[in-house]
Structure formats: structure tokens, C-alpha cells
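Data block below; observations after.
The numbers here are math on the coordinates, done by the rules we state, and not lab data. Only a predicted model underlies this, so the values are computations on that prediction, with no experimental measurement involved. Don't worry about glycine lacking a Cβ; one is built from the backbone with ideal geometry, like all the others, and counts go over all protein chains shown.
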């Protein structure tokens with residue numbers, strides 16, 4: 001799995017039990033997955049079609065660092081299925097524990113919101129990068 005994003009759990013993200021509110025985690029997962037899928041599919045126009053079962057395994061407390069990882073489970077004709085995992089990182093012990101995981105389906109759409117095909121080039125490029133670099137995302141150079 002590739003690291004997509006990181007978050008600090010803040011007091012404003014906590015529910016009444018002083019654990020991270022589940023809706024916040026779902027939002028973080030959806031945003032991370034959508035960004036990952038958009039980058040892979042060369043399009044900002046992807047919509048969330050389906051969240052599979054999300055299993056919350058460990059609580060997240062104020063100050064915890066959450067790292068979200070993802071990988072492509074499969075490409076469809078117009079969709080990309082992304083497996084996501086949120087991990088709580090302990091910076092002192094240099095270890096991570098899985099907090100929750102899920103699978104999300106994103107659909108590529110046109111300007112009118114209708115599903116459109118994900119090109120074979122996108123799929124081939126993903127698998128080529130994965131084989132060569134161990135990750136599907138491309139590296140970017142900073143442009144001044």
C-alpha cells in the first residue's frame with residue numbers, strides 16, 4: 001500500500017467518548033481515496049459510488065497521527081476500486097497500528113455527471129509503475 005495522506009487528530013474531531021468521530025475518519029478516507037483515484041485516472045472528475053464495510057478496530061485519541069494508505073484493488077470500465085487503510089502512528093516507537101480499513105469504488109464522470117471510460121493507458125501505466133517502483137503514483141518535480 002502507498003501512503004496517501006496524514007492527519008493529526010484534533011480536539012475538534014472528537015466525539016462524546018473522546019475518540020475520533022467516525023464520520024471524520026470516513027471523510028478523511030473518502031478525500032484520500034478520491035485524490036488517489038483522481039491522480040491515477042488523470043481526472044479530477046471522480047465521484048464516490050460505494051463504501052464497503054468499514055471496520056473501526058482501534059480508537060483514535062487527541063494528538064494521534066493518522067496515516068492513510070491505499071492501493072488499487074481493481075479497475076472497471078468506468079470505475080476504480082481502492083482499498084484504504086488508516087493507521088495510527090507512534091512516533092516514539094516507530095510503529096503503526098491499523099485503526100480501520102475499507103474499500104471504496106469511485107466512478108469517472110464527464111461534465112454532465114455521466115460515467116465515462118477509464119482508458120486502458122491509465123490501467124497499464126498504473127501496473128507498470130507498481131511493478132517498477134512498488135507504487136502506482138508518479139513522482140513529481142517542483143516547478144518554479
Seminar exercise, completed: Under the rule rounded for a/c under 1.5, else prolate if a/b exceeds b/c, else oblate, using alpha carbon gyration tensor axes a ≥ b ≥ c, the stretch 60-126 is classed as prolate
Problem set entry | Convex hull of the chain built on C-alpha atoms - directionally averaged projected area, nm² | 10.8
For this session: Could you check the simple spin-label distance between residue 109 and residue 65, using points 7 Å along Cα→Cβ, in nm with one decimal?
Result: 3.6
For this session: Using Cα pairs closer than 8 Å and at least 6 residues apart in sequence, work out the relative contact order for the stretch 2-133, in percent.
Result: 27
Problem set entry | FRET efficiency for residue 135 and residue 43, using Cβ-Cβ distance with R0 set to 25 Å, rounded to 0.05 | 0.80
Problem set entry | Sorted by Cβ neighbour density within 10 Å, fewest at the top, the residues 111, 30 | 111, 30
Problem set entry | By average C-beta atoms within 10 angstrom, highest first, the peptides 69-82, 46-59 | 69-82, 46-59
